[in-house]
Amino acid sequence: MAAAEEETRVVKSKYHEIRFGPNFPKDLEFESFLPSDEKKSVIIEEVKPPEEHGNEDSSVHVFARWRPLCGEEVERGDDEITRNSTISENTNLFYLEMTGSKKIKKKKRRIPIRKRMKKPKKEEGNKTEEGEDNDFVLKPFGWNGSDFSGVIDANEDNFDTYRKVIQPYLSSALEGGTTSCFCYGMTGSGKTHTCLGYGDQLGLFYQAADDICKHLETISTEECKLFLNISFSELHLKKMYDLMAEDHEECFVREGPEGYKIRGKVIKREDGTVYSPGISQTSCTSADEVAMAVAKGIARRATGSSAIHDQSSRSHAFLEIEIVNQEIVDAREAVLLAESVESLVGKNHTNKTIEEDSKKTYEQLEKLEDGTQVWMIDIREGETYDIEGVKQIAKEFQDAQKEHIKKKKELKQIQERAREKFPCIGGRLVFIDLAGSEHGDDSKASKKVLTPQARREGREINMSLMSLNNVIRAKVKKQERIPYRDSTLTKVLHRYLNSPKSESVMIACLSPSVMHAGKTIKTLKYAGLMAQNQDEKAKEEN
């Protein structure tokens, strides 16, 4: 890097020589016009992209839940799948086995065309009536697998399921970590009923919120009262929507150095600042308040008629419950305000820089024998370069950046101080109600005609679930690159799957009807893939 020579108004470097014309401002830094690769290097802390972030200690505890026969299954008189589960003494994991036989239609034997053209004469006295059973045959099926953390039978309700599935891992959230619960299965298998509730029966979230609120009542003080912040969103056709907002507004998944965040629409204030809030949050102090907030969100959720279920959830839903206090909420608002000011000043700085740079002229004079390129930079005749304006807006932008960094540090310090007294601060409990997977032959079996919208929803749901399958497979195989960017679903789930001090629980919701045996087996295979992590961890501990 060569030094600036004000007498000759020349800046020299290894490969370039820049000369400045007589109209060029003397107060402007000459070094700023050198190529970027020849400026002084700035050491920046390396931030790995989201694909490389990982939590090696994270594991997934997989449970299988059977629901009872219901609706059309009872009307048709469907037989139930025979199932049996045993627990291993070595790993304390369950071995699940299911068997049965399904009635399928006989394949018609192909008759040569010559024989089909000949119609045998029928005699009146030789007519026979074939029963319906003669057109069908019984096809046996079976499946078995291990590595399940538990099995919930059809006679157990949501309260029993909570005690087996959520309560043992709630301590992670009460210690400032994250407890995530995924509900997966085919359409109509009882995922939404388990996670969020259906009709008069409340979902798993209610008992979890009740236990957390009771714990907060015992440790809260008059100086620092702890409460729950509730956020509820859905992913429908690759778009995020805020279910807590009255207008059901669209949200956006933004990627940054810290991973992926869900942000609302950009709002422009009267003073010109640009404000990009997060999704809406509701403060609750009791489980009943949480249930009321969730009920409003469920009413705004996208539902529709699928090939199997008339009131099928056509979106992935994310219910997040976080433990906070008012000081942390105010500090987060201050960070968002500082960020909005920085965005506005940064935009003005960019516009001013472009405006002034448009007044410059660049001319390549010659190329010396040693390869150095000589350039002449000057200001157009009749134009005046506003050097003071550029410096002023640059200083304002720098001050806004410092203020944003300051507010972030203050938020971090407030959180650390609060966690010293209340370790549960920042703890999160997340319930993910995944939309039901569908198959192309569902509409044929149910004889329902699906609309183009319903077919599109089915395709998007299957593609997102396939992406989640690829992410889980990559985590099980401990691959270097985990494809979180493949779908919006995996982007949203990134922070839950890789959160420190996290516990992840998956409930595979299963139908006991033999008519759905094929889809039930596919659900168990998918759940078995996630359970491999837990099996390996259990073997290491033993």
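How many residues does segment 490-542 hold that are polar (S, T, N, Q), more than 19 Å from residue 168 (Cα to Cα) and modelled with pLDDT under 85?
3
If a residue has to be closer than 19 Å to residue 519 by Cα, modelled with pLDDT under 80 and in a loop (DSSP other than H, G, I, E, B) to count, how many in segment 433-465 make the cut?
7
Determine which single condition residue 499 fails, assuming it passes every other condition in (1) within 28 Å of residue 257 (Cβ to Cβ); (2) polar (S, T, N, Q); (3) assigned to a helix (DSSP H, G or I).
(3)
Among the residues of segment 216-236, is there at least one that is over 30 Å from residue 66 (Cα atoms), crowded, with 19+ Cβ neighbours inside 10 Å, among the acidic types (Asp, Glu) and in contact with a Ser or Thr (Cβ under 8 Å, 6 or more places away or on another chain)?
no
Of all helices (runs of 4 or more DSSP H) completely enclosed by segment 160-266, which ones contain at least 3 residues that are more than 18 Å from the chain's Cα centre (by Cα) and among the small types (Gly, Ala, Ser)?
171-174
Among the numbered criteria (1) surrounded by fewer than 18 Cβ atoms within 10 Å (Cβ to Cβ); (2) basic (Lys, Arg); (3) touching a helix residue (DSSP H, G or I) at 6+ places or on another chain (Cβ under 7 Å), which single criterion is violated by residue 407?
Residue 407 satisfies all of (1) surrounded by fewer than 18 Cβ atoms within 10 Å (Cβ to Cβ); (2) basic (Lys, Arg); (3) touching a helix residue (DSSP H, G or I) at 6+ places or on another chain (Cβ under 7 Å) except (1).
Write out, first by first residue and then by second, each pair whose Cβ atoms fall under 8 Å of each other, whose residues are 6+ apart or on separate chains, and whose first residue, in segment 169-180, is under 17 Å from residue 150 (Cβ atoms) while the second is at pLDDT below 90 and among the aromatic types (Phe, Trp, Tyr).
That search, which allows pairs on different chains as well, returns 180/496.
Take segment 338-387 and flag every residue that is touching a helix residue (DSSP H, G or I) at 6+ places or on another chain (Cβ under 9 Å) and of a type in the set (A, V, I, L, M).
338, 341, 344, 345, 377, 387
Kindly provide the set of residues from segment 491-519 that are basic (Lys, Arg) and under 15 Å from residue 191 (Cα atoms), ordered by number.
519
Could you grab me the full set of residues in segment 67-101 that are charged (D, E, K, R), buried (at least 17 other Cβ atoms within 10 Å of the Cβ) and either in contact with an Asp or Glu (Cβ under 8 Å, 6 or more places away or on another chain) or in a strand (DSSP E or B) (or both)?
Across segment 67-101, the qualifying residue is only 83.
Is it the case that segment 265-273 has a residue that's without any contact (Cβ under 8 Å) to a residue 12 or more places away in the chain and more than 20 Å from residue 339 (Cβ to Cβ)?
Checked against the condition, which is being without any contact (Cβ under 8 Å) to a residue 12 or more places away in the chain and more than 20 Å from residue 339 (Cβ to Cβ), segment 265-273 yields no hits at all.
Scanning for something over 30 Å from residue 226 (Cα atoms), of a type outside the set (Gly, Ala, Ser) and in a helix (DSSP H, G or I), does segment 371-388 turn up at least one residue?
Yes, there is a match, as at least one residue in segment 371-388 is over 30 Å from residue 226 (Cα atoms), of a type outside the set (Gly, Ala, Ser) and in a helix (DSSP H, G or I).
Among the residues of segment 355-370, which ones are outside any strand (DSSP E or B) and either closer than 13 Å to residue 18 by Cα or in contact (Cβ under 8 Å) with a residue 40 or more places away in the chain (or both)?
Hit for segment 355-370 is 368, nothing else.
Quick one: would you say residue 40 is modelled with pLDDT under 85, farther than 23 Å from residue 521 by Cβ and not small (Gly, Ala, Ser)?
For residue 40, the condition - modelled with pLDDT under 85, farther than 23 Å from residue 521 by Cβ and not small (Gly, Ala, Ser) - is met.
Hey, could you check segment 335-390 for residues that are basic (Lys, Arg) and within 30 Å of residue 270 (Cβ to Cβ) and say which is farthest from the chain's Cα centre (by Cα)?
Among those residues, the one meeting the criterion is 352.
Say whether the condition of being under 28 Å from residue 18 (Cβ atoms) and either in contact (Cβ under 8 Å) with a residue 12 or more places away in the chain or exposed (fewer than 11 other Cβ atoms within 10 Å of the Cβ) (or both) is met by at least one residue in segment 337-347.
Scanning segment 337-347 turns up at least one residue that is under 28 Å from residue 18 (Cβ atoms) and either in contact (Cβ under 8 Å) with a residue 12 or more places away in the chain or exposed (fewer than 11 other Cβ atoms within 10 Å of the Cβ) (or both).
Please find, within segment 466-488, the residue that is nearest to residue 239 (Cα to Cα) out of those that are out of contact with any Ser or Thr (no Cβ under 9 Å at 6 or more places or on another chain) and outside any helix (DSSP H, G or I).
The residue in question is 481.
Residue 179: of a type in the set (S, T, N, Q) and out of contact with any strand residue (DSSP E or B) (no Cβ under 6 Å at 6 or more places or on another chain), yes or no?
It is false that residue 179 is of a type in the set (S, T, N, Q) and out of contact with any strand residue (DSSP E or B) (no Cβ under 6 Å at 6 or more places or on another chain).
Take segment 353-379 and flag every residue that is at pLDDT 85 or above and either farther than 17 Å from residue 24 by Cα or touching a Lys or Arg at 6+ places or on another chain (Cβ under 8 Å) (or both).
359
For segment 240-250, state whether one or more residues are in contact with a Cys (Cβ under 7 Å, 6 or more places away or on another chain), at pLDDT below 90 and within 17 Å of residue 321 (Cα to Cα).
Checked segment 240-250: no residue is in contact with a Cys (Cβ under 7 Å, 6 or more places away or on another chain), at pLDDT below 90 and within 17 Å of residue 321 (Cα to Cα).
Take the residues in segment 111-156 that are in a loop (DSSP other than H, G, I, E, B), surrounded by 10 or more Cβ atoms within 10 Å (Cβ to Cβ) and not hydrophobic (A, V, I, L, M, F, W, C); name whichever of them is modelled with the lowest pLDDT.
Filtering segment 111-156 for residues that are in a loop (DSSP other than H, G, I, E, B), surrounded by 10 or more Cβ atoms within 10 Å (Cβ to Cβ) and not hydrophobic (A, V, I, L, M, F, W, C), the one modelled with the lowest pLDDT comes out as 149.
The values are calculated or read from the model by the stated rules, or taken from the named source; none is laboratory data. As the structure is a computational prediction, the values presented were derived from the model and not from experiment. Glycine also receives a Cβ, built like all others from the backbone with ideal geometry; neighbour counts cover every protein chain displayed.
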